[in-house]
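Notes follow the structure.
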Amino acid sequence: MKKLYAVIGNPIAHSMSPLMHNDLFQHYGIDAHYQAFAIKEEDLAEAVKGFRAMNMSGFNVTVPHKVAIISLLDDVDPLARSIGAVNTVANENGRLIGYNTDGSGYVKALKSELQELKEKKVLIIGAGGAARAIYFTLAFEGVAHIDLTNRTPTKAERLVEECPYHAKSNILSLNEAEEQLAAYDIIIQTTSLGMSPNSECKVLSLHNLKESAFVSDIIYNPLETELLRQARDKGAKTQNGIQMFVQQGALAFEIWTNVKPDINRMTNKVLQQLGGTIC
Ligand code: ATR
């Protein structure tokens, strides 16, 4: 019987996950279909009950359900539990198990560009859900020095306190981060500032960026944010959010099917789609 997979969120209409996963199912000859469902917050528990009744094989979870889904699952993997958010659920012999592939997808994307991470001095901009997944995963991977800067520094302090994995971390105001930017090898932008349609915004000035720095922005719409454009102008290497999106999807696909999918194929599929929708 055809297996069914899904992504749930709200809004969800513009998700590129169905396109990416259905292409992979077809490519690898797997008899399965992946469908997006818009689920309101108050309907989440009923939806999960329905998925159980249908014996759905797995699903992705996106905004606003990544935290609320946890209490509806049978078990959650340790990294996802410490992050406090799940983006991938697998039906393992009738039990729904939660994973978080956002942080590990991001780290895989970073490693595809940089050989060595552990000794690098990292600055994360932001302290929301995405920053949390990335900080926890980098600390879990043994990156020694990860500073955080956020508009609301107390949120960054809480994030560091709640992380069960050790990293040396200073909390900086946005102004302090701008002044001290030359100290960082890797800068990771995780806020929504710069996302279309407000693509002229950027969260801090790169005046003091060093030329050898690597600047990454988890936004992929636009493909090059104002922050990345300025980083590139200063000679820095840059990476947009496409690889994080593709890698988190690839890790989910592997959890569900045990197949390591072709990253280039996935990237091309997503770029093709974005090319068609971005003006
Ligand atoms: P996500 O789960 O996508 O990371 P989030 O949890 O809402 O989203 O977090 C958004 C992040 O963007 C936060 O770090 C937020 O800063 P605050 O903690 O001070 O709210 C940051 N952010 C959002 N709008 C911002 C703005 N106008 N200027 C600076 N930072 C902003």
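The values are calculated or read from the model by the stated rules, or taken from the named source; none is laboratory data. Computed from a predicted structure; not experimentally measured. In this analysis, Cβ positions are derived from the backbone assuming ideal geometry, glycine residues included, and neighbour counts consider all displayed protein chains.
A quick yes/no check of all residues on (1) assigned by TED's automatic domain parsing to the domain that holds L227; (2) within 16 Å of the ligand (Cβ to nearest atom); (3) touching a Lys or Arg at 6+ places or on another chain (Cβ under 9 Å); (4) more than 20 Å from S17 (Cα to Cα):
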site: D31; (1), (2), (3), (4): no, no, yes, no
site: A45; (1), (2), (3), (4): no, no, no, yes
site: K120; (1), (2), (3), (4): yes, no, no, yes
site: I124; (1), (2), (3), (4): yes, yes, no, yes
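For S216, are the conditions met, namely being more than 10 Å from the ligand (Cβ to nearest atom), closer than 22 Å to G129 by Cβ and either touching a residue at least 12 places away in the same chain (Cβ under 8 Å) or buried (at least 17 other Cβ atoms within 10 Å of the Cβ) (or both)? Criteria met by S216. How about region 25-37: which of its residues are in a strand (DSSP E or B) and touching a Ser or Thr at 6+ places or on another chain (Cβ under 9 Å)? Listed by number, the residues that qualify are A32, Y34, A36. Restricting attention to region 169-183 and to residues that are within 16 Å of the ligand (Cβ to nearest atom), of a type outside the set (A, V, I, L, M, F, W, C) and assigned to a helix (DSSP H, G or I), the residue that is surrounded by the fewest Cβ atoms within 10 Å (Cβ to Cβ) turns out to be N175.
Residues that are buried (at least 16 other Cβ atoms within 10 Å of the Cβ) and free of Cβ contacts under 8 Å to residues at least 60 places away in the same chain were ranked within region 154-164; the one that is nearest to the ligand (Cβ to nearest atom) is K155. Taking the criterion of being of a type in the set (A, V, I, L, M, F, W, C), within 25 Å of T62 (Cα to Cα) and either part of a loop (DSSP other than H, G, I, E, B) or within 16 Å of the ligand (Cβ to nearest atom) (or both), the residues of region 127-148 that qualify are A127, A130, A131, A133, I134, F136, L138, L148. The test for being part of a loop (DSSP other than H, G, I, E, B), near the ligand (Cβ under 9 Å from one of its atoms) and not acidic (D, E) holds for R151. Scanning region 258-276 for residues that are assigned to a helix (DSSP H, G or I), of a type in the set (S, T, N, Q) and free of Cβ contacts under 8 Å to residues at least 60 places away in the same chain yields a total of 4. Of the residues in region 188-205, none is more than 25 Å from T62 (Cα to Cα), more than 16 Å from the ligand (Cβ to nearest atom) and buried (at least 17 other Cβ atoms within 10 Å of the Cβ). The set of residues in region 1-24 that are assigned to a strand (DSSP E or B) and of a type in the set (S, T, Y) contains only Y5.
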